[in-house]
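Worksheet for the structure shown next.
The values are calculated or read from the model by the stated rules, or taken from the named source; none is laboratory data. Model, not experiment: these values are computed from the prediction. Cβ atoms come from the backbone with ideal geometry, glycine included; neighbour counts cover every protein chain shown. Calculation scope for accessible area: heavy atoms of the full protein, side chains included, ligands and nucleic acids excluded. Shrake-Rupley method; radii C 1.70, N 1.55, O 1.52, S 1.80 Å.
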Amino acid sequence: MTEDNTHIADRLLKRLFPICRSITGPGLRQSLEILGDEIPLNIRSVASGEQVFDWTIPDEWTIRDAYVANSKGERVIDFNSNNLHVVNYSVPIDACMTFEELRPHLHTLPSQPDAIPYRTSYYKRTWGFCLAQRQFDVLDRDDTYTVVIDSDLSPGELNYAEARLEGTSGREYLFSTYLCHPSMANDNLSGPITAVLLYKALEKMDRHHTYRFVFVPETIGAIAYLARNAEEMRRIHGGFVLTTCGGTGAFGYKETFQGDHMIDRAIRQVFCDRGIDPIHYPFRPDGSDERQYSSPGFRIPVATITKDKYYEYDEYHTSLDDLSFVNGAQISESAELYKEVLAILESARTFTSRIPNGEVQLGRRGLYPSMGGGINQPAADNAANDRAVGDEVDRITWLMFLADGKHSLDDVASKSGYPLTALQYTLDKLIEADLIDMETDHST
Ligand code: ZN
């Protein structure tokens, strides 16, 4: 029996959550290796100092310990109790100082006094600690403190991982996710775990399309990946950034920069079929790595399904985004939606008319109402029925007109305005009536 998704997701949450990750370093590598235990991943490296488009790969960050101790030697802030306590990418320090000297290096979230905030300083060399406001409030203002961050910033590498599942259509889709946040679950473990679940699902399928899975540290990793794979990436048809889809809240959907790409239509269709009205996020050039993939040099349309989207939930970028907020069942729910989107993408094949010369005589095949004239003038008492028949004939007309081996169902949806499921229903009828041949492979 195959292991169910909830169980896989819970197992990965448990293994990955405690690790102190960053955009480089041992925590990132260890996390990629854990994902590599689940699916076959190629883990790659880019050396510190390497130029990737407008950016330079930074020195690698290693963190072993960090604390602030009072004059009695008690650790009043301790990295070992929560890795969010240290500002990610802090330079090393070993010093004694007054509270006033320490204070500018302490970060709290007064609006959420029990939460430890998440702070990073990747490109400006500094150090700092994050702590709950309540913890800050009780620090003795008159004491002197020993401040230790046992870290290294030295030339090393940035790591990312990729996996690819080949299809036959010649069309390739991207699933990208990031893996650079320390102990937080929705942002960001929900993304990579969903990617693993989708890879496992696609692996078992008889695939039409090719799927590329990319696990990068956010921003710099996606830029490095694009720099390394520029030509291949420019041929990607569309994709998804998997992020923040494991919370307790409502589903959301951030559209692609095009807004009406096949991917947008497929996602809307899935929500519609499920009777879910998702929180709609029009495209903005913020958020996650869609900023890189959809940049002018690539223009890959990328969408995201969320369940408590980044920026939007109270626990976001704090210690409260933990395993009491996120669980495997919630992540699996999002993975199921993505799988339904994939099913629609997989069904998007081109098709060819068997009667390409002129219009097909529908009436002879029982596909047209025999009584002509009524379609555009529905009688009041029969209006709904006539309109339904009229829509069906209209869909047939669109499908037959675009049955030239160059258009797929999503193109018809785009041009005609009919939903994909209705078009699929009509297309099945046309296949049954021997009017249409589906293209099974156009890679050769
Ligand atoms: Zn984040």
Could you work out the local net charge near I63, counting Lys and Arg as +1, Asp and Glu as -1, over the other residues with Cβ closer than 15 Å to its Cβ?
-2
Rounded to the nearest 10, the angle in degrees between the Cα long axis of helix 262-274 and the longest principal axis of the Cα atoms of the chain comes to 90 degrees
So, in nm, how far is label D391 from label T144 when the simple model puts each one 7 Å beyond its Cα toward the Cβ?
8.0 nm
State the volume of the convex hull built on the alpha-carbon positions of region 292-366, expressed per residue in Å³ and rounded to an integer.
209 Å³
Which links in K14/K72; K254/K415; K14/K200; K124/K307 stretch past 25 Å when you go from one Cα to the other?
K14/K72; K124/K307
Using a simple spin-label model with points 7 Å from Cα along the Cα→Cβ vector, what separation in nm is obtained for R64 and D114?
3.6 nm
Residue-normalised value, i.e. accessible area per residue, for the chain at 1.4 Å probe, in Å², stands at 43 Å²
Does region 1-144 come out rounded, prolate or oblate, given a ≥ b ≥ c as the square roots of the eigenvalues of its C-alpha gyration tensor, rounded meaning a/c under 1.5 and, failing that, prolate meaning a/b above b/c?
oblate
Relative contact order of the chain (C-alpha contacts under 8 Å, at least 6 apart) in percent is 17 percent
Once you sort the root eigenvalues of the Cα gyration tensor of region 36-97 as a ≥ b ≥ c, which label holds: rounded (a/c under 1.5), prolate (a/b larger than b/c) or oblate (the other case)?
oblate
Whole-percent carbon and sulfur contribution to the accessible surface of the chain (1.4 Å, no ligands, DNA or RNA) stands at 48 percent
With the contact rule set at Cα under 8 Å and sequence spacing of 6 or more, what percent relative contact order holds for region 19-107?
18 percent
Among H237, G249, H261, the residue whose Cα sits farthest towards the positive end of the charge dipole of region 203-307 (+1 at Cβ of Lys and Arg, -1 at Cβ of Asp and Glu, taken about the Cα centre) is H237
Run the simple label-point estimate for E340 and M205 please: 7 Å along Cα→C-beta, distance reported in nm.
1.4 nm
